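For reference, the structure is listed below as structure tokens.
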Amino acid sequence: MATGGDERVARAEEALRAYALSEGGWRRSPGQNLQELLLDLMQWCDATQHGFERALTAAREARQAGGAGGDNGGDGQASAG
């Protein structure tokens with residue numbers, strides 16, 4: 001069975017593979033597809049009033065703590081700033 005980190009890497013690879021298979025995605029580098037994914041996530045957060053920066057901060061904190069968690073702060077309304 002894969003560890004939590006391995007599962008996260010596999011999910012990230014699956015998401016990026018979807019971007020690589022999207023229209024024009026095959027012409028972009030993996031780094032460019034990552035940028036497109038991040039831009040889309042930012043746009044989604046804006047459209048749904050989820051706090052991208054707060055979710056990013058929570059994800060960074062979870063990673064530093066060993067990859068535990070994942071739901072902390074990502075589901076709330078976007079705050080000003």
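The values are calculated or read from the model by the stated rules, or taken from the named source; none is laboratory data. Treat the numbers as computed from the prediction; the structure is a model and nothing was measured. The protein model used for the area step is the full one, side chains on, heavy atoms only, and it has no ligands, DNA or RNA in it. Shrake-Rupley method; radii C 1.70, N 1.55, O 1.52, S 1.80 Å.
Take region 22-60 and flag every residue that is open to solvent by less than 60 Å² (accessible area, probe 1.4 Å) and of a type in the set (S, T, Y).
Passing the criteria: S22, S29, T48.
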Q: Only residues that are outside any helix (DSSP H, G or I) and of a type in the set (K, R): list them for region 13-48, please.
A: R28
